[in-house]
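Asker: First the structure, then my questions, so here it is.
The values are calculated or read from the model by the stated rules, or taken from the named source; none is laboratory data. Treat the numbers as computed from the prediction; the structure is a model and nothing was measured. Positions of Cβ are backbone-derived with ideal geometry, glycine not excepted, and every protein chain shown enters the neighbour counts. Side chains are part of the model used for accessible areas, which takes the heavy atoms of the whole protein and leaves out ligands, DNA and RNA. Shrake-Rupley method; radii C 1.70, N 1.55, O 1.52, S 1.80 Å.
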Amino acid sequence: MKKNNAPFSVTRNLLGNEKRQAVTIPLLAILLSLIAVSVVILAVGNDPLAVFKSLLQGSGLLPKASYAAKKSMLTDFLSLLNALTPMLFAALAVAIAFKAGLFNIGVSGQMLAAGFVASIVIGYSALGPWLAKPLVILIGLTVGGAVGLLIGFLKHRFNINEVVSSIMLNYIILYVSTFFINTNFVDPVSRQSRYISSASRLTLTDLAVGELKMDIPLGLLLALLTALALKFLLDKTKTGYELKAVGVNRKAAKYAGMAVGRNIMLAMFISGMLAGLAGVTYYLGFYSSIQPRVLTSVGFDAIAVSLLGNSSPIGVIFASFLISVVTKGSTYMSSAVGVEQEIASVIVGLILLFSACGVYIRYLTARSRDRLREQTATAEGAAPAAAVSEKGGDE
């Protein structure tokens, strides 16, 4: 009996119970991915510790050997937070869709739609900052939510798979925005869209603080508050319960009297709004223009972030920070250590791979737990029977 239960006992001690596994399994995925990346780095003839150290230096978590004028470790860290803001919004967009059993692969397209509309309506206007910045956020919510709602409506009304419709909308949004940028809003020098006004930008760039020039992301606090609000929505409200119930089993949710179609549309609407916020904080925050014919990788990296964070709003915060550290520090890593910048993509890809394996790990631990319960119940049932048999023999 002890021999059969040993593997489960070891796994239980390492990963903990079901509640703790939401934290321990992603941590295990990160550890395994770092070990795998270390093997790859050693294979190409570099020192893994030097590579990881350079990633932390490039993202402002460790000091560099030297800095350019008006730059420091603090400015690098603020630049990391600037890149983190759209990533966090995008990952929350993917996560809320996952909770409802939907896969919003169109986050990049929804980001572009919101960023493009906000740029041409507000970014090129003469509005002051106290009016322009709130309007940019409002447009991001409206445009992103409208695209997400369309995907949810197609899913509910015509049973069109959300992956197919969101991918098609990605291309439609990409080429429509490219056409208008190239014909009406192109900058003749950069060949990108014209730069937006500083009043409409959601990042305070080159803000002089003492002897330093900093980039301060105004949307970061909103992103953190949004994550907390989503946590409350999912865990403490009837709407959140219904969204999760629809995601677990739509037939059972319908049988229980829940409006499955309405919840599907609501989930995609919320997801789209979050993607819209990611778009405006990216195209009118982290950047100040739009590159034609390009969908940002942020919307696709957000899938890995959401998986790593177990689609939990709080988990997504930490996962977004980790992925942002890797992607932001990759440029300095390449120049300081001489490792190809694509190694950062390898790290993100391996994190995604091992995160996906986390579902299988949960399955194995649950199956082992069920077997242990069956064995315990069998042993408890056998003990009284043995006692009765022994008593009968004595008589």
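Asker: Determine, yes or no, whether Leu80 is touching a Lys or Arg at 6+ places or on another chain (Cβ under 7 Å), in a helix (DSSP H, G or I) and touching a residue at least 60 places away in the same chain (Cβ under 8 Å). Steps first, please.
Answerer: Numbers: touching a Lys or Arg at 6+ places or on another chain (Cβ under 7 Å): yes; in a helix (DSSP H, G or I): yes; touching a residue at least 60 places away in the same chain (Cβ under 8 Å): yes.
Against the criterion (touching a Lys or Arg at 6+ places or on another chain (Cβ under 7 Å), in a helix (DSSP H, G or I) and touching a residue at least 60 places away in the same chain (Cβ under 8 Å)), Leu80 qualifies.
Asker: Which members of region 228-251 meet the condition of being open to solvent by less than 50 Å² (accessible area, probe 1.4 Å) and either in a helix (DSSP H, G or I) or not β-branched (Val, Ile, Thr) (or both)?
Answerer: Quick first cut of region 228-251, residues open to solvent by less than 50 Å² (accessible area, probe 1.4 Å) only: 230, 233-234, 237, 240, 242-243, 245-247.
Within region 228-251, Leu230, Leu233, Leu234, Gly240, Glu242, Leu243, Ala245, Val246, Gly247 meet the criteria.
Asker: Let me ask something additional. Mind telling me which of the residues Ser119, Ser125 ends up being in contact (Cβ under 8 Å) with a residue 60 or more places away in the chain and not in a helix (DSSP H, G or I)? Walk me through how you get there before you give the answer.
Answerer: Numbers: Ser119 fails: not in a helix (DSSP H, G or I).
None of the others qualify; the one that does is Ser125.
Asker: Condition first: hydrophobic (A, V, I, L, M, F, W, C) and either within 15 Å of Ile35 (Cβ to Cβ) or not in a helix (DSSP H, G or I) (or both). Now tell me which residues in region 336-362 satisfy that. Break it down into steps so the answer makes sense when it comes.
Answerer: Taking region 336-362 first, the residues hydrophobic (A, V, I, L, M, F, W, C) are 336-337, 339, 343-344, 346-348, 350-354, 356-357, 359, 361.
Once the filter is applied, which keeps residues that are hydrophobic (A, V, I, L, M, F, W, C) and either within 15 Å of Ile35 (Cβ to Cβ) or not in a helix (DSSP H, G or I) (or both), region 336-362 yields Val339, Ile343, Val346, Ile347, Leu350, Ile351, Leu353, Phe354, Cys357.
Asker: Moving to a separate point now. If only one of Gly276, Gly329, Gly285 is closer than 16 Å to Ala227 by Cα, in a helix (DSSP H, G or I) and in contact (Cβ under 8 Å) with a residue 60 or more places away in the chain, which one is it? If you could, list the steps in order and put the result at the bottom.
Answerer: Working: Gly329 fails: closer than 16 Å to Ala227 by Cα; Gly285 fails: closer than 16 Å to Ala227 by Cα.
Answer to the check: Gly276.
Asker: Considering only residues that are of a type in the set (Ser, Thr, Tyr), crowded, with 17+ Cβ neighbours inside 10 Å and within 25 Å of Asp76 (Cβ to Cβ), which ones fall in region 172-205? First the steps, then the outcome.
Answerer: Just the residues of region 172-205 that are of a type in the set (Ser, Thr, Tyr), to begin with: 175, 177-178, 183, 190, 193, 195, 197-198, 200, 203, 205.
Imposing the further condition that a residue be crowded, with 17+ Cβ neighbours inside 10 Å reduces the set to 177-178, 193, 197, 200, 203.
Within region 172-205, just Thr203 meets the criteria.
Asker: What pairs come out if I take residues in region 232-252 that are β-branched (Val, Ile, Thr) and pair them with residues that are open to solvent by less than 70 Å² (accessible area, probe 1.4 Å) whose C-beta lies under 6 Å away, six or more apart or interchain?
Answerer: Val246/Ala100; Val246/Ala253; Val246/Val260; Val246/Asn263
Asker: Select from region 304-321 the residues that are at pLDDT 90 or above and in a loop (DSSP other than H, G, I, E, B) and list them in ascending order.
Answerer: Within region 304-321, Ser311, Ser312 meet the criteria.
Asker: Quick one: how many residues across region 267-296 are of a type in the set (A, V, I, L, M, F, W, C) and within 15 Å of Ser197 (Cα to Cα)? Let's see the steps before the verdict.
Answerer: Going through region 267-296, the residues of a type in the set (A, V, I, L, M, F, W, C) turn out to be 267-270, 273-275, 277-278, 280, 284, 286, 290, 294-295.
If we keep only those that are within 15 Å of Ser197 (Cα to Cα) too, we end up with 280, 284, 286, 290.
Residues in region 267-296 being of a type in the set (A, V, I, L, M, F, W, C) and within 15 Å of Ser197 (Cα to Cα): 4 in total.
Asker: Next up: Closer than 12 Å to Leu92 by Cβ, at pLDDT 95 or above, out of contact with any Pro (no Cβ under 8 Å at 6 or more places or on another chain) and surrounded by fewer than 20 Cβ atoms within 10 Å (Cβ to Cβ): which single residue out of Leu274, Leu225 fits that description? Give the steps one after another, and end with the answer.
Answerer: Working: Leu274 fails: surrounded by fewer than 20 Cβ atoms within 10 Å (Cβ to Cβ).
So the residue among Leu274, Leu225 that is closer than 12 Å to Leu92 by Cβ, at pLDDT 95 or above, out of contact with any Pro (no Cβ under 8 Å at 6 or more places or on another chain) and surrounded by fewer than 20 Cβ atoms within 10 Å (Cβ to Cβ) is Leu225.
Asker: Filter region 285-303 down to residues that are within 10 Å of the chain's Cα centre (by Cα) and surrounded by 21 or more Cβ atoms within 10 Å (Cβ to Cβ) and give me whichever is modelled with the lowest pLDDT.
Answerer: Step one: of region 285-303, the residues within 10 Å of the chain's Cα centre (by Cα) are 298-303.
Remaining after also requiring surrounded by 21 or more Cβ atoms within 10 Å (Cβ to Cβ): 298-299, 301-302.
Numbers: Val298: 94, Gly299: 94, Asp301: 88, Ala302: 93.
Filtering region 285-303 for residues that are within 10 Å of the chain's Cα centre (by Cα) and surrounded by 21 or more Cβ atoms within 10 Å (Cβ to Cβ), the one modelled with the lowest pLDDT comes out as Asp301.
Asker: Inside region 253-301, can you point out the residues that are small (Gly, Ala, Ser), touching a helix residue (DSSP H, G or I) at 6+ places or on another chain (Cβ under 7 Å) and within 24 Å of Ser200 (Cβ to Cβ)?
Answerer: Selection gives Gly272, Ala275, Gly276, Ala278, Gly279, Gly285, Gly299.
Asker: On the basis of being aliphatic (A, V, I, L, M) and in contact with a Pro (Cβ under 8 Å, 6 or more places away or on another chain), does Leu61 make the cut? Spell out the reasoning first.
Answerer: Numbers: aliphatic (A, V, I, L, M): yes; in contact with a Pro (Cβ under 8 Å, 6 or more places away or on another chain): no.
In short, no.
Asker: If you don't mind, another one. Within region 134-152, work out how many residues are surrounded by 16 or more Cβ atoms within 10 Å (Cβ to Cβ) and more than 20 Å from Leu112 (Cβ to Cβ).
Answerer: 0
Asker: Quick one: which residue in Val176, Val163, Val143 is out of contact with any Lys or Arg (no Cβ under 6 Å at 6 or more places or on another chain), free of Cβ contacts under 8 Å to residues at least 40 places away in the same chain, part of a helix (DSSP H, G or I) and within 21 Å of Ser297 (Cβ to Cβ)? I'd like the intermediate steps shown before the answer.
Answerer: Working: Val163 fails: free of Cβ contacts under 8 Å to residues at least 40 places away in the same chain; Val143 fails: free of Cβ contacts under 8 Å to residues at least 40 places away in the same chain.
Exactly one residue qualifies, and that residue is Val176.
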